[in-house]
Amino acid sequence: MHIHDKIQGIGLSLLGGLTVIIGAFGAHGIKPVVSQEAFERFETGLLFQVMHLLALLMVWSSGLVSHKARAWIFRWFIAGVLLFSGSLYILVFKEVNDTIPSFIGVLTPLGGVCFILGWGSMALGISRNKGI
């Protein structure tokens, strides 16, 4: 196993654990104190985080793309999770804490662009794979 494989595998494991923690915190800590609209925003962030974690696990374990392509997919998807899901999580707290700046919402579509670039990188990586 290449060192990058190991690092990515450990990173995915940690992201998976963090995703469970965030989901539990949302269900038990956030839901009782925010509006339904804010909680739906939180759930959207969590859904996209889970979806892209699963996609990363598939890319990591499948061998469909080269190491170089996989590295780019990882970069784009992790940036997407941080910007898209992260900004939605932060915006949920704006409802209970007015000091959170509104410009955080600008990060959400940037995260969406990162997700799109990650999916494009995956398609390109698969198309360049001579073995399939």
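Observations on the model:
- Counting only residues at least eight positions apart within a chain, or on another chain, the lysines with an alpha carbon under 18 Å from that of Lys68 are Lys6, Lys130.
- Considering region 3-127 at the alpha-carbon level, its Rg and Dmax are found to be 15.6, 47 Å.
- Considering only Ser127, Ile100, Leu110, the residue lying farthest towards the positive end of the dipole of region 40-132 is Ser127, judged by Cα position with unit charges set on Cβ.
- Take 9-16, 90-97 and order them by the average number of nearby Cβ atoms within 10 Å per residue, most first; the result is 90-97, 9-16.
- Quarter of Cα convex hull surface for region 48-115, i.e. mean projection, nm²: 4.7
- For the chain, adding -39500 (n - 2.57) for each run of n ≥ 4 DSSP H residues and dividing by the number of residues yields -24500 deg cm²/dmol at 222 nm.
- The relative contact order of the chain, computed from alpha carbon pairs under 8 Å that lie at least 6 residues apart in sequence, is 27 percent.
- Note, ³J(HN,Hα) from phi for region 13-27, Karplus 6.51, -1.76, 1.60, rounded to Hz, x at Gly and Pro: 4, 5, 5, x, x, 4, 4, 5, 4, 4, x, 5, 4, x, 5
- Cross-link partners for Lys31 among the aspartates and glutamates, with Cα-Cα distance under 17 Å and sequence neighbours closer than 8 places in the same chain left out: Glu40, Glu43, Glu95.
- Taking region 65-132 and dividing mean pair separation by its residue count, relative contact order in percent (alpha carbons under 8 Å, at least six apart): 50
- Most to least packed among 44-53, 120-129, 100-109 [average Cβ atoms within 10 Å]: 44-53, 120-129, 100-109
- For the chain, size of Cβ-based charge dipole, Lys and Arg +1, Asp and Glu -1, in debye: 660
All of the numbers you see were taken from the coordinates with simple rules; none came from a lab. Note that the structure is predicted; figures quoted are calculated from it, not measured. FYI the Cβ positions are ideal-geometry reconstructions off the backbone, even for glycines, and counts take in every protein chain you see.
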